[in-house]
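The structure appears below as C-alpha cells.
The values are calculated or read from the model by the stated rules, or taken from the named source; none is laboratory data. Quick caveat: nothing in here was measured; it's all calculated off a predicted structure. In this analysis, Cβ positions are derived from the backbone assuming ideal geometry, glycine residues included, and neighbour counts consider all displayed protein chains. For the accessible areas, the whole protein counts, side chains as well, though only heavy atoms, and no ligand, DNA or RNA atoms are used. Shrake-Rupley method; radii C 1.70, N 1.55, O 1.52, S 1.80 Å.
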Amino acid sequence: MALTTYVKGRAYDWSHAIGRASANGTGFNYPQTMCLGTDSDLYVANRGNENNFGMRVNHIKVGGPGEEELLAEFATYGEADGNTIWPFGVAVDKNGEVYVTDEWKSTVSVFDAKGKFIRKWGTPGSGPGQLKGPAGIVFVVDSGNNRLQVFTPQGKLVAQCGKAGSGEGEFNKPWGITLDKDGNIYVADWKNHRVQKLSPAGKFLMAIGRYGKLPVAPNAFAVTYLGPFISSVPDTDRVLAGILNHPTGVAVDPEGDIYVTDWGNHRLCIFDKEGHPLTHLVGDAQVMSKWGQQSIDANPDMMKAYRRVQNIEQLWRFCFPTAVVFNPKTDQIIVADSQRNRLQVYNKVRDYVDFQANL
C-alpha cells in the first residue's frame, strides 16, 4: 500500500513509527490500549509477559518524526498498590488523573499525571460494581461480565448496561471503548466482530462492521504471531469492505469518522459517521523509529541481521494491532502495533481534492 491513501476528500499520510521491543524504558512490550493526556501526550498500557515482566504504562510525548520522548513509566509489575499484573485499559480524566485497569486483579488503580499512585478500587465478581477482567476504560469495559459499568472517580457504582449475547446492546468479550464529541459510546465488541454505538444513556444506536477474514493467496506466508501474510497479490484484490475479525480498539475524530483496529485481519479499518466503510490501512513503517535506530547504532550486529532478511515488507505491516487514538489537535491517527512493539502514526489531511485543483 502507498504511504498516502486517498478516499472521498480525505488523505491518510504515514508519518513515522515510535518504539521498539523493550521491557522498560524507550520501547513497548505488547501495547494493549492507549489514551491521550491533557497536553497531547500519550499513555500506553503494556501487557508484558511472564518472561520479561514488561507490564507497565508508558507516558510519552509523540510529536513529529524523531520528536518522541519518554516522560515516565509506572504501574509496573507487582502485587503491591501502584503495581499491576496484567495492565489493560488506561484513561485520563479532566484533572489529569490516570486510571489503569488490571485484568488479573480486577481492579482500577488511579495515578497522578506523573505516575504517582493515589488510590485503587474494585473487587472481583459479577455483582453490581464488581469486575471480572476489566479491559478498556472511559466507562469500565467489564469484559468478563459482558457489560459496561459507570463509576465515580472514587469507585462508586453509578450505572451499568449490557449483558452477554449477540443482540443489540449485548456483548461478547468487549474490549476497547471511546466517546465522540456528543458523548455517544463506541465499544469494540471483540467476539461479536463489530463495533457498537450507544447513546450517552447506553441505548443501542448502530452496529458497525460484520465478521469476515481476508482471503490468503496460495503463495502467501502464513499468518502467525510473528506477522501477517505477505504475497504478490495487491491489497486491493484482498479487500473486503466492512468486515472485521476480532476488533480491539476504536476511535472517532471530530468529523465523525470511525477508526477500528481489525486485530485478526492486521489492519486499521476506517468508516464514515454512518458506519459505511471508507478504506483501510495496513501499516507502512518503512523507516526505522528513532528508538529502534538507537538500538541499532549501539549494536551493529542488529543491522547485519536486518540486512539478511530477504523480504522486509512484512516488517512494515501491522501485526495484530490492538488500539487506536485520534488527536484532534494534531490530526494524528496513532495505532498500537502490538506484536511489533511500536506505534505507527498517520496524519489525516482533509480536502485533498481541492488542494490538488489549485496546483
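Filter Lys191/Lys329; Lys163/Lys213; Lys8/Lys197; Lys114/Lys163; Lys120/Lys273; Lys120/Lys290 down to the pairs with a C-alpha to C-alpha distance above 30 Å, please. Don't jump to the answer; show the numbers that get you there.
Numbers: Lys191/Lys329 33 Å; Lys163/Lys213 26 Å; Lys8/Lys197 23 Å; Lys114/Lys163 36 Å; Lys120/Lys273 36 Å; Lys120/Lys290 35 Å.
Pairs exceeding the cut-off: Lys191/Lys329; Lys114/Lys163; Lys120/Lys273; Lys120/Lys290.
Projecting the Cα positions of Gly96, Val325, Ile177 onto the charge dipole of the chain (unit charges on Cβ atoms of Lys, Arg, Asp and Glu, taken about the Cα centre) puts Ile177 furthest along the positive direction. Segment 8-33 and segment 252-284 have Cα centres lying 16 Å from one another.
The string of couplings for segment 68-82 from the Karplus curve (6.51, -1.76, 1.60, θ = phi - 60°) is 4, 8, 7, 9, 5, 9, 7, 6, 6, 5, x, 8, 6, 4, x Hz, one whole number per residue in order, with x for Gly and Pro.
From largest accessible area down, sort Arg210, Arg308, Arg56, Arg350; use a 1.4 Å probe on the protein chains.
Numbers: Arg210 130, Arg308 170, Arg56 0, Arg350 80 Å².
Largest to smallest exposure gives the sequence Arg308, Arg210, Arg350, Arg56.
Under the simplified labelling scheme, the Glu168-Asp297 pair shows an inter-label distance of 5.7 nm, with each label point 7 Å from Cα along Cα→Cβ.
Take every DSSP beta bridge whose two residues both sit in segment 101-177; close to 90 percent of them are antiparallel.
Which order do you get for Met303, Met288 if you rank them by accessible area with a 1.4 Å probe, largest at the top?
Values: Met303 40, Met288 75 Å².
Ranked from most to least accessible, the order is Met288, Met303.
The mean accessible area for residues of the chain, using a 1.4 Å probe and ignoring ligands and nucleic acids, is 44 Å² per residue. Around the Cα centre of the chain, unit charges on the Cβ atoms of Lys, Arg, Asp and Glu (plus for the first two, minus for the last two) sum to a dipole of about 680 debye. Taking a sphere under 11 Å around the Cβ of Gly125 and counting the other residues whose Cβ falls inside, with K and R at +1 and D and E at -1, yields a net charge of 0. For segment 293-307, the Karplus equation 6.51 cos²θ - 1.76 cosθ + 1.60, evaluated at θ = phi - 60°, returns couplings of 5, 4, 5, 5, 4, 7, 9, x, 4, 5, 5, 4, 5, 4, 6 Hz by residue, with Gly and Pro reported as x.
Let me spell out the model: positive unit charges on the Cβ of Lys and Arg, negative unit charges on the Cβ of Asp and Glu, origin at the Cα centre of segment 299-348. What dipole size does that give, in debye rounded to 20? Walk me through the numbers before you get to the answer.
Details: 8 positive and 4 negative charges, 22 e Å.
Roughly 100 debye for segment 299-348.
Which of the trypsin sites (Lys or Arg not before Pro) found in segment 84-165 are in a DSSP loop and have at most 14 neighbouring Cβ atoms, other than their own, within 10 Å? Mind showing how you got there, number by number?
Values: sites: Lys94, Lys105, Lys114, Lys116, Arg119, Lys120, Lys132, Arg147, Lys156, Lys163; in loops: Lys94, Lys105, Lys114, Lys116, Lys132, Lys156, Lys163.
Here the trypsin sites (Lys or Arg not before Pro) that fit, given the DSSP loop and packing criteria, are Lys94, Lys114, Lys116, Lys156, Lys163.
For every helix of n ≥ 4 consecutive DSSP H residues, a contribution of -39,500 (n - 2.57) applies; sum these over the chain, divide by its total residues, and give [θ] at 222 nm rounded to the nearest 500 deg cm²/dmol. List each step's numbers first, then the result.
Details: 5 runs with 31 residues, N = 359.
Helices in the chain give a 222 nm mean residue ellipticity of -2000 deg cm²/dmol.
Using a 1.4 Å probe and ignoring any ligands, DNA or RNA, find the accessible area of Ser338 and quote it in Å² to the nearest 10. Probe radius 1.4 Å; accessible area of Ser338 about 10 Å². Using a probe of 1.4 Å, the accessible surface attributed to Phe326 totals some 20 Å² when neighbouring protein chains are kept in position.
Quick one: pull the percent of accessible area on the chain belonging to carbon and sulfur, 1.4 Å probe, ligands and nucleic acids left out.
Numbers: 8170 of 15700 Å².
About 52 percent, which is the carbon plus sulfur part of the accessible surface.
Using a simple charge model, +1 on the beta-carbon of Lys and Arg, -1 on the beta-carbon of Asp and Glu, nothing else, what dipole does segment 264-359 show about its Cα centre, in debye to the nearest 20? Walk me through the numbers before you get to the answer.
Values: 12 positive and 10 negative charges, 71 e Å.
Once rounded to the nearest 20, the dipole reads 340 debye.
Given points 7 Å out from each Cα along the Cα-Cβ axis, report the Asn311 to Ser199 separation in nanometres with one decimal. Taking the simple label geometry, Asn311 and Ser199 are separated by 5.1 nm. Counted residue by residue at 0.36 nm each, then reduced by the alpha carbon distance between them, the extension gain from Thr123 to Ala159 reaches 11.3 nm.
Amide H contacts of Phe151: Val140, Val158, each under 5 Å away and 5 or more positions distant or on a separate chain (H built 1.01 Å from N in the peptide plane; Pro and chain starts excluded). Take 327-335, 29-37, 174-182 and order them by the average number of nearby Cβ atoms within 10 Å per residue, most first; the result is 29-37, 174-182, 327-335. Ranking Asn29, Gly212, Val349 by Cα position along the charge dipole of the chain, where only Lys, Arg, Asp and Glu carry charges on their C-beta atoms, puts Gly212 farthest toward the positive end.
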